[in-house]
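Please read the structure below before turning to the comments.
Just so you know, all these numbers are worked out from the coordinates, no wet-lab data involved. Nothing here was measured: the structure is a model prediction, and the numbers come from that model. Note that each Cβ is placed from the backbone with ideal geometry, even for glycine, and that neighbours are counted across all protein chains shown.
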Amino acid sequence: MSMTTVGEPGHMTRPQRPLHGVAAQFGTVDDLMAAAERVRDAGYTRTDAYTPFPVEDLDEALGMKPTRIGWIVLAAGVLGGLGGFFMQWWANTSYYPLIIGGKPLNSWPNWIVIMYELTILSAAFTAGLGMILRNGLPRAYHPIFNTPGFEGASRDKFFIAIEARDPQFDLRRTTAFLESLGPERVSEVEA
Amino acid sequence: MAVTTGKPFVETNRVIGPGQTYAKIDDSVLSPVLLDVQRTPRWWWIGFGISLAFLAMYLTSIVHLITTGIGIFGNNIPVAWGMPIINFVWWIGIGHAGTLISAALLLFRQPWRTTINRFAEAMTIFAVVCAGLYPILHLGRPWVFYWLLPYPNTYGLFPQFRSPLDWDLFAIGTYASVSVLFWFIGLIPDMASLRDRAKLPFQRLLYGVLCLGWTGSAKEWQRYQRAYLLLAALSFPLVLSVHSTIAMDFAVAQVPGWNNTIMPPYFVAGAVFAGFAMVLILAIPLRRAFGLENLITMRHLDNSAKLMLATGMIVVYGYLLEIFIAWYSGVEFERYMIWNRMFGDHAQFFWALILCNFVAIQPLWLRSVRQSPIGLFIISIIVSVGMWLERFVIIAVSLTKDFLPSSWGDYVSTFWDWALYLGSFGLFSTLFFLFIRLLPSIATAETKETAYHYSHHKIDPYEDIRAEVFQEVSA
């Protein structure tokens with residue numbers, strides 16, 4: 001990891017700390033999208049963008065793979081439904097068999113509603129909590145918050161960060177590259 | 001009374017009023033939340049104080065109920081389900097519009113949902129809280145309500161899974177917990193915004209913890225959006241199932257007036273009808289108090305009114321079909337039930353219900369009425385009363401005279417019935433006042449996304465045509 005300071009006029013020299021990466025700030029979605037595609041095409045892989053609202057196709061522009069959360073949710077829903085069936089089947093046929101209304105013990109049509117609700121319950125909680133956990137939340141610390149002006153990322157600013165662990169990362173070259181994309185500013189981000 | 005300077009505003013029929021920027025959306029929604037405690041507007045304290053008074057009445061009624069027993073209610077045999085169940089069905093129905101706005105309109109890609117979904121979801125959750133407490137309080141021994149849950153226990157017992165009353169528990173339990181989850185997930189990006197704007201230490205801590213450390217990265221948004229879409233896709237069938245299941249509490253029983261296959265869809269339509277009425281009751285003062293007329297526009301009120309009219313007419317169709325089926329079934333008890341409902345001892349409730357749910361909504365066919373916040377507010381209150389009357393007619397009136405005249409009875413509600421019911425408004429409005437003070441009542445991230453789409457893609461191709469045809473009225 002390169003530890004040299006950027007030789008720009010006016011750049012503050014400060015005690016060197018490990019670097020998370022370099023972040024560029026943009027003012028519009030269009031600038032961000034154009035920059036994201038160029039970052040991807042330049043071969044950077046350890047990148048992320050930070051936006052106040054979901055920007056369509058930004059994940060593709062940065063070369064991200066689609067999320068697999070849908071498959072996990074499907075599996076959870078099926079398991080929840082089957083679990084609901086077997087809970088009722090076991091309770092009504094083996095554990096506490098009781099004939100109600102002259103119906104057979106295995107009167108499965110009566111169990112559909114509970115199976116249905118348990119399918120939705122387990123699928124929904126897997127979707128919600130799965131998203132939270134796979135995103136690494138709750139998270140006490142993230143170095144990207146060291147970016148100057150990052151509070152704008154939840155308001156009206158758009159950021160692209162190239163992380164220092166990217167194989168192509170070189171502080172001087174990467175900073176110059178980001179500056180060539182027409183950002184409002186480029187900042188080093190401490191880890 | 002408004003937080004804003006009271007500057008004149010222009011009503012608009014656009015989904016988002018003209019001249020909005022991302023920062024303006026942030027400021028108009030988040031600044032009332034981030035106000036210093038001392039600067040909380042006076043109307044908020046007055047409203048919150050009144051709510052607390054009603055909440056105190058609610059808690060008093062509960063204490064009296066638990067220490068005395070359900071004999072304090074007007075319930076009797078044959079009318080074993082009186083006001084507690086009427087109010088339960090009424091409250092849970094109100095919640096349905098919130099889920100419909102947040103889930104169904106998302107799936108149908110209706111951009112106008114974005115500014116009203118947050119507070120409508122809050123309304124859902126608080127209405128479900130009010131509703132869910134009723135069956136528990138109605139149990140007689142509310143402290144053992146957990147016996148309804150299937151859990152390993154030393155009695156070796158399981159709940160009766162063949163009973164619609166147990167289906168209810170699963171439906172409402174799932175509905176309540178999934179609604180809270182959906183709401184919380186929607187709030188995460190906005191709490192991150194609040195964290196970044198907050199000045200007071202208490203606020204920084206509160207929103208910093210609640211946003212879970214959200215950064216708004218592209219990968220986070222990618223998973224977030226997929227999860228949100230899946231939650232919407234799961235909530236939509238869920239909301240349909242909840243009131244269907246409640247309808248089956250009635251439809252599966254043999255009581256004349258209950259045993260009817262139309263009940264599930266008819267109850268769902270009634271729930272959405274009552275729910276949109278409550279959305280309007282809450283939205284009209286809320287937009288005025290916070291000066292959000294540019295985000296909750298006439299378009300939202302107009303569309304909600306149209307949905308209220310459409311579902312209201314489905315409900316009216318349900319009333320007609322109930323009469324037809326009673327005649328067509330050829331069953332004398334069913335025929336007598338309808339006769340008793342329309343001309344019997346409690347006929348005034350039936351005709352009041354027709355007045356509220358059929359006659360009162362007819363002005364909504366007129367655009368000028370749908371464009372009048374005051375008119376919509378009044379109609380919505382009438383509809384809420386009408387939907388309560390509907391449940392009263394279905395539940396209490398049907399039970400008074402079922403089969404054998406020797407076991408007929410009457411139903412008279414008591415002071416405590418009303419104290420608990422009016423008190424539940426206190427619970428609802430206390431929660432709602434806390435919500436509008438502590439959390440953003442509009443989903444800012446989604447609204448910014450919608451604003452972006454409007455400026456770039458024109459997601460609604462008719463938007464420009466409509467803006468021309470529809471005169472923008474000044475208020």
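Summary table
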| read-out | value |
| --- | --- |
| Spatial extent of segment B:224-381: Rg and Dmax, with the Cα atoms as the point set, Å | 18.6, 57 |
| Fraction of the pair-distance distribution of segment B:14-129 above 24 Å, Cα-Cα pairs, percent | 54 |
| Counting all C-alpha pairs of segment A:69-134, share separated by more than 15 Å (%) | 55 |
| Rg/Rg_ref, the protein assembly as shown, where Rg_ref = 2.2 N^0.38 Å and atoms are Cα | 1.07 |
| Square roots of 5 times each gyration tensor eigenvalue, C-alpha, chain A, largest first, Å | 53, 16, 13 |
| Computed helical MRE - 222 nm, chain B, DSSP H runs ≥ 4 contributing -39500 (n - 2.57), nearest 500 | -22000 deg cm²/dmol |
| Per principal axis, descending, Cα span of chain B in whole Å | 70, 58, 41 |
| For peptides A:44-57, B:329-342, sequence by mean Cβ density within 10 Å, most packed first | A:44-57, B:329-342 |
| Other protein chain Cβ atoms within 10 Å, averaged over every residue that makes up A:133-139 | 6 |
| Distance between modelled label sites at A:ASP57 and B:ARG42, nm, 7 Å Cα→Cβ extension | 5.4 |
| FRET E, pair A:ILE100, A:ALA140, Förster distance 51 Å, beta-carbon r, rounded to 0.05 | 0.45 |
| Kyte-Doolittle mean at least 1.0 and Cα axial length at least 30 Å: DSSP H helices in chain A | A:69-90, A:112-134 |
| Nearest 10 degrees, 0 to 90: helix B:263-289 Cα axis against chain B principal axis | 40 |
| Within a Gaussian network of chain A (alpha carbon springs, distance under 10 Å), most fluctuating of A:GLY27, A:GLY84, A:GLY63 | A:GLY84 |
| Over 18 Å (Cα to Cα) - which of A:LYS157/B:LYS24; B:LYS306/B:LYS448; A:LYS65/B:LYS219; A:LYS157/B:LYS448 fall in this group | B:LYS306/B:LYS448 |
| Stokes-Einstein D (µm²/s) once Rh is taken as the Kirkwood radius of segment B:322-368 over alpha-carbon pairs, at 20 °C in 1.002 mPa s | 177 |
| For segment B:160-283: rounded, prolate or oblate by the Cα gyration tensor [a/c cutoff 1.5] | prolate |
| Relative contact order of chain A, pairs being alpha-carbon contacts under 8 Å that are 6 or more residues apart, as % | 48 |
| Global size of segment B:332-443 as Cα Rg and Dmax, reported in angstrom | 18.8, 58 |
| Ellipticity estimate at 222 nm from DSSP helix runs (n ≥ 4, -39,500 (n - 2.57)) divided over chain A, nearest 500 | -12000 deg cm²/dmol |
| Square roots of 5 times each gyration tensor eigenvalue, C-alpha, segment B:115-213, largest first, Å | 37, 15, 12 |
| On Cα atoms only, tilt of B:415-438 relative to the major axis of chain B in degrees | 20 |
| Extended-chain gain in nm, criterion 0.36 nm per residue less alpha-carbon gap, B:ILE325 and B:TRP339 | 3.8 nm |
| Cα-based equivalent ellipsoid of segment B:305-384: semi-axis lengths in Å, sorted from largest, via gyration tensor | 30, 14, 7 |
| Against the rule of thumb 2.2 N^0.38 Å, how large the Cα Rg of segment A:95-164 comes out | 2.22 |
| Averaged over A:106-117, number of beta-carbon atoms from partner chains that fall within 10 Å | 5 |
| Segment B:LEU107-B:ALA56, extension gain: residue separation times 0.36 nm, minus the distance between their alpha carbons | 14.3 nm |
| GNM flexibility winner over chain A from A:ALA164, A:ALA42, A:ALA23 (Cα, springs under 10 Å) | A:ALA42 |
| Virtual spin-label span in nm between B:ARG367 and B:TRP143, 7 Å along Cα→Cβ | 6.2 |
| Packing-based ranking, highest mean first, of B:379-392, B:353-366, B:110-123 given that Cβ atoms within 10 Å are counted | B:110-123, B:379-392, B:353-366 |
